[in-house]
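Single-structure report; data block below.
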Amino acid sequence: MAKHVMSEVTVIGFGYPEARNLLTLLGAGIGPATLVALGATARDIVEPPDRTVAEVFAVAGDQLATDPNALAGLIEQLVGSSRVIVLGSAQASRDLAGALAVRRDAAPVWSVTEVRRTELGYECDRPGDGGHRRETYILPASGMAIILGRPSTKRLRTDAPTLPTVQEVTLPESARPGPSIATVAAQVAGGRSLTAARIVLAVGRGIGGPEHVPLFRDLADRLGAALGATRAVVDAGWLSFAHQIGQTGAWVAPEMYLGFGVSGAMQHLAGLGGARMIIAVNTDPEAPLCRLADVVVLADAVTVAERLVEQLGAVVPLPRIRQETM
Amino acid sequence: MSHRPRNPLTLLSVSTILVAVKPIRADHGAAWFLDDAAGVALEWAVRQRETARAARVVAVAAAPGSCAPSLRQALAVGADEAFVIRRPSDGDVRLTSRLLAAAAQHLGASLVACGYESMDRASGLAPAAIAAHLGWSIMARLREAELRDTRIVGLRDVGVATQQLSAVLPAVLSFTGGWIVPRFPKMGDLLRNRNRKVTEWRPDMIGASDACPPAARLIRTLPVPTRRSTTRVLGLEDGVDALLALVGNTGTADG
């Protein structure tokens with residue numbers, strides 16, 4: 001491995017786009033960071049990051065997302081003496097953060113929207129009280145800290161950064177192999193990542209029942225939207241956990257969020273902090289989401305969805321997920 | 001005191017956060033109760049014992065106070081034994097995971113099942129941190145799992161696909177909701193367990209330190225200004241037209 005500079009902050013993303021997006025969390029007082037793109041090669045890194053970075057590593061390997069302990073061993077070498085490690089919030093990042101927190105005795109903070117350096121030390125912000133308050137934490141004066149950042153639509157304006165040389169690293173085989181992993185059911189062809197989607201269409205219990213889920217999946221396909229859900233819908237088994245938005249699910253930052261039959265429980269609203277425009281379709285004008293929304297359509301969610309599907313016209317039907325059983 | 005299982009499966013159902021933050025539920029008359037996420041893991045483990053894939057299920061909580069009622073609820077649902085590790089009220093996921101990993105070793109467990117979040121204030125790091133302490137495999141956010149001899153096989157939804165994971169035991173698992181539905185304890189089981197002893201451990205009794213490494217400290221909390229000053233309220237017809245116009249102005253390419 002090439003000898004590298006010791007940045008105070010290292011940003012680690014699963015894929016270069018996530019790593020690049022996480023740079024937007026870095027605020028005042030933070031110098032050039034080390035950027036680590038997991039599951040990427042130098043050929044994947046063609047666009048310069050939006051912020052000047054000290055160095056870029058591209059890490060390839062078969063067990064990046066399944067063996068966090070082995071990955072943490074390599075990351076420890078790459079981060080060197082960095083004080084702050086910034087990761088995303090997807091499962092693989094949380095697994096890696098858990099392993100690093102133990103191995104490096106690093107203090108974790110999650111749901112972070114900004115980290116900066118002041119005369120007091122490193123501070124970071126995160127939403128509290130369901131998004132009604134902003135909490136500021138100060139990181140321990142010594143030792144390492146791990147920040148789990150929320151996705152952001154924030155765009156940085158920088159002074160024409162250039163792309164530094166990308167150093168490629170390969171994850172060595174673990175002494176104790178982690179779980180094997182295989183894709184056993186192809187999801188809908190148009191299935192989109194919630195955290196990266198420009199439009200998110202979320203459904204709540206107000207859509208009436210699981211028999212209406214295909215309608216909203218169809219509408220999401222036609223809109224080019226990622227399909228999200230409230231915890232109540234997931235707990236009821238109408239959609240899988242991968243669709244859950246909120247405190248205990250995905251944190252989204254779309255240009256537009258459409259909530260159909262979503263009342264807006266605090267648990268769910270906590271995941272919407274990054275949405276630029278919120279639209280609520282609900283028959284109850286007093287629902288918390290309606291009070292937060294830019295646009296409220298006071299109507300039955302299913303009726304509105306049917307009208308929209310009708311108006312948007314036909315699209316090629318997409319294959320549906322097969323329900324795998326053990 | 002050593003607790004050796006008759007079978008290599010032991011469940012560690014930990015609900016520190018739930019125990020610490022859930023209010024008294026007057027309608028149940030209980031000051032503490034299990035959180036939903038831990039309930040899914042407990043249900044899965046009990047099913048393994050009921051189908052003879054496991055011999056013993058043990059519920060363990062690392063909590064700053066006595067939370068025996070919630071552990072008795074776990075016993076009523078089907079756990080064979082329950083323990084509380086008394087931990088300091090400060091400290092973060094590093095302390096929680098250290099104590100639970102020590103308990104797993106003390107009990108001779110070869111499988112730890114967790115809720116996917118909650119036990120450590122929703123960071124979602126605890127399962128991986130426990131696995132790191134133990135040097136075990138981690139299979140996180142499973143919707144279901146099956147023991148096959150010396151392996152554990154699980155399914156996980158990742159939004160764009162369903163993944164099958166397979167690992168050799170020992171391992172740490174975490175479960176999401178929606179697929180495995182926790183059972184309600186029967187009244188008879190609640191009554192039978194209402195005075196059952198829940199053993200409390202000090203960390204040193206299971207070979208663990210209760211030292212709390214420095215954690216991030218809250219220094220300020222400020223109200224966030226109201227997000228919206230005006231809201232357009234529309235009916236069905238106008239609403240559909242407005243949505244079509246708004247969607248048409250929003251690019252759909254994923255960022």
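For the structure I just gave you, tell me whether residue A:200 is touching a residue at least 12 places away in the same chain (Cβ under 8 Å), more than 10 Å from chain B (Cβ to nearest Cβ) and buried (at least 23 other Cβ atoms within 10 Å of the Cβ). Taking the combined requirement at face value, the residue satisfies it. For beta carbons closer than 8 Å, sequence separation of 6+ or different chains, a first residue in segment B:194-220 that is at positive phi and a second that is of a type outside the set (A, V, I, L, M, F, W, C), the qualifying pairs are B:207/B:105; B:207/B:106.
What are the residues in segment B:116-137 that are at pLDDT 85 or above and more than 18 Å from residue B:170 (Cα to Cα), if any? B:125, the sole residue that qualifies. Applying the criterion of being surrounded by 14 or more Cβ atoms within 10 Å (Cβ to Cβ) and among the charged types (D, E, K, R) to the residues of segment A:142-164, the residue that is modelled with the highest pLDDT is A:150. For segment B:161-219, the set of residues classified as in a loop (DSSP other than H, G, I, E, B) and under 16 Å from residue B:74 (Cβ atoms) consists of B:180, B:182, B:183, B:184, B:185, B:186, B:194, B:195, B:196, B:197, B:198, listed by residue number. When residues in segment A:250-283 are screened for being at the interface with chain B (Cβ under 9 Å from one of its Cβ atoms), buried (at least 24 other Cβ atoms within 10 Å of the Cβ) and either outside any strand (DSSP E or B) or charged (D, E, K, R) (or both), 2 of them pass. Going by the structure shown, is residue B:223 within 14 Å of chain A (Cβ to nearest Cβ), over 22 Å from the mean Cα position of the chain (by Cα), farther than 19 Å from residue A:66 by Cα and surrounded by 13 or more Cβ atoms within 10 Å (Cβ to Cβ)? Spelling it out, it is not the case that residue B:223 is within 14 Å of chain A (Cβ to nearest Cβ), over 22 Å from the mean Cα position of the chain (by Cα), farther than 19 Å from residue A:66 by Cα and surrounded by 13 or more Cβ atoms within 10 Å (Cβ to Cβ). Only one of the listed residues (B:102, B:113) is small (Gly, Ala, Ser), modelled with pLDDT of 85 or more, more than 14 Å from the chain's Cα centre (by Cα) and closer than 23 Å to residue B:136 by Cα. That residue is B:102. In this structure, is residue B:123 within 21 Å of residue A:92 (Cβ to Cβ) and among the hydroxyl-bearing types (Ser, Thr, Tyr)? Spelling it out, residue B:123 is indeed within 21 Å of residue A:92 (Cβ to Cβ) and among the hydroxyl-bearing types (Ser, Thr, Tyr). Scanning segment A:294-313 for residues that are farther than 11 Å from residue A:207 by Cα and of a type in the set (S, T, N, Q) returns a single hit, A:311.
Note on segment A:115-133: among residues that are in contact with a Ser or Thr (Cβ under 9 Å, 6 or more places away or on another chain), charged (D, E, K, R) and crowded, with 19+ Cβ neighbours inside 10 Å, the one that is nearest to the other protein chains (Cβ to nearest Cβ) is A:123. Evaluate the following for residue A:71: is it at pLDDT 90 or above and buried (at least 22 other Cβ atoms within 10 Å of the Cβ)? Considered against the rule, which asks whether it is at pLDDT 90 or above and buried (at least 22 other Cβ atoms within 10 Å of the Cβ), residue A:71 comes out as no. Counted as qualifying within segment A:1-114 are the strands (runs of 3 or more DSSP E) with 2 or more residues that are within 14 Å of chain B (Cβ to nearest Cβ), within 22 Å of the chain's Cα centre (by Cα) and among the hydrophobic types (A, V, I, L, M, F, W, C), namely A:84-87, A:107-112.
Taking the criterion of being within 7 Å of another protein chain (Cβ to nearest Cβ), outside any helix (DSSP H, G or I) and not β-branched (Val, Ile, Thr), the residues of segment A:286-313 that qualify are A:293, A:294, A:298, A:299.
So, residue A:102, is that one crowded, with 23+ Cβ neighbours inside 10 Å and without any contact (Cβ under 8 Å) to a residue 12 or more places away in the chain or not? In short, yes.
Going through segment B:149-159 one residue at a time, which ones are within 8 Å of chain A (Cβ to nearest Cβ) and surrounded by fewer than 19 Cβ atoms within 10 Å (Cβ to Cβ)? Once the filter is applied, which keeps residues that are within 8 Å of chain A (Cβ to nearest Cβ) and surrounded by fewer than 19 Cβ atoms within 10 Å (Cβ to Cβ), segment B:149-159 yields only B:153.
The values are calculated or read from the model by the stated rules, or taken from the named source; none is laboratory data. Since we're looking at a predicted model, the values are computed, not measured. Counting neighbours? That spans all protein chains shown, and the Cβs are built from the backbone with ideal geometry, glycine included.
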